[in-house]
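Report on the following structure.
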Amino acid sequence: MNHVHHRPVITRVARRHWHALDDDRVVGRAEASPRPDGRLFLSIDTWHDADFAPLAAAMLAELPRPLYTVVDDVDRDLRARWESAGFTTRRREREYLVPAAPGAVPPSPGVTIGPPSDPEPLRSLETSIRAEIEATVGWQEMPAEVLARPLDLSSYTVAASGDEYVGLLRLAAVPRQPRIGLLAVRADHRRSGIGRALLTQVLDALHHRGVPAASAEVNEANPAAVALFEGAGARLVGGNVELVLR
């Protein structure tokens, strides 16, 4: 006998968690997760596609907007379900695999590349970069967040000019493969090769450690970043779409 799928009962089980129940069995889960920048990102996992809509409707009725979600670029069915709930595309992000390779490119004269020795100028640089981005495209266009204190200096490579840090690359120690979490240069030092110098320095160091590659996520609306990574031999391996409901 074919199982007749009933409309589930939606229950809010915690502040940001919902369950879909069918005969007291959990057949779907939904969660709203706050990011460090305050945005709420939604996720829904169901046994049956038909249970997505009632779970989404329950969440949207009780959460403040705007709301966000991220979908793998190739998962068109899931993207269509979020779009049916009212979400629209906000940005696209490319996922690259960047091969480690010897041969770091030197920076411009007067700039040195290396590990940071002091957390305060590093924190000052992150604050300056965030303010510059907020004043232009907005920090939400970046794929990474400025991290809370304390800083893990071992994750960073910096570009220094005098006693100031003017550029940084943060490498996240993700299991199996490191990830380039943030690569940024202060506005008054851009277009001088610092970004390329930082990237090639880190790729050179990974090569000498026997690490074959690092991953990176790049906003496809940022042609300078796309050109930088593709110029370093990065290979496109995937991507995602960020959707928003305003």
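The values are calculated or read from the model by the stated rules, or taken from the named source; none is laboratory data. Bear in mind the structure is a predicted one, so any value in this text is a computation, not a measurement. Methodologically, a virtual Cβ is constructed for each residue, glycine included, from the backbone with ideal geometry; neighbour enumeration extends over all protein chains shown. We work out accessible area using only protein heavy atoms, side chains counted, and drop any ligands, DNA or RNA first. Shrake-Rupley method; radii C 1.70, N 1.55, O 1.52, S 1.80 Å.
Numbers below:
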quantity	calculated
Computed label-point distance, nm, for sites residue 53 and residue 7 using a 7 Å Cα→Cβ extension	1.0 nm
Net dipole in debye of the stretch 152-240 [+1 Lys, Arg Cβ; -1 Asp, Glu Cβ; about Cα centre; nearest 20]	200 debye
Share of carbon and sulfur in the accessible heavy-atom surface of the chain [1.4 Å probe, %]	51 percent
Counted charge near residue 17, where neighbours are those whose Cβ lies closer than 11 Å (Asp, Glu -1; Lys, Arg +1)	+3
Accessible area in square angstrom per residue, the chain, 1.4 angstrom probe	54 Å²
Between the stretch 88-104 and the stretch 161-238, the alpha-carbon center distance in angstrom	9 Å
Tilt relative to the chain, helix 52-62 - C-alpha long axis, 0 to 90 degrees, to 10	80 degrees
Estimated FRET transfer efficiency when R0 is 22 angstrom, pair residue 131-residue 35 (beta carbons, to 0.05)	0.70
Degrees separating the helix 119-134 axis from the principal Cα axis of the chain, which is the longest one	60 degrees
Percentage relative contact order, the chain, counting C-alpha pairs under 8 Å, at least six apart	27 percent
Simple Cβ-charge dipole of the stretch 1-94, Lys/Arg +1 and Asp/Glu -1, about Cα centre, in debye nearest 20	500 debye
Globularity index of the chain, i.e. its alpha-carbon radius of gyration over 2.2 N^0.38 Å	1.21
Heavy atoms of residue 10: accessible area, 1.4 Å probe, square angstrom to 10	50 Å²
Calculated FRET value between residue 74 and residue 118, using beta carbons and R₀ = 41 Å, to 0.05	0.40
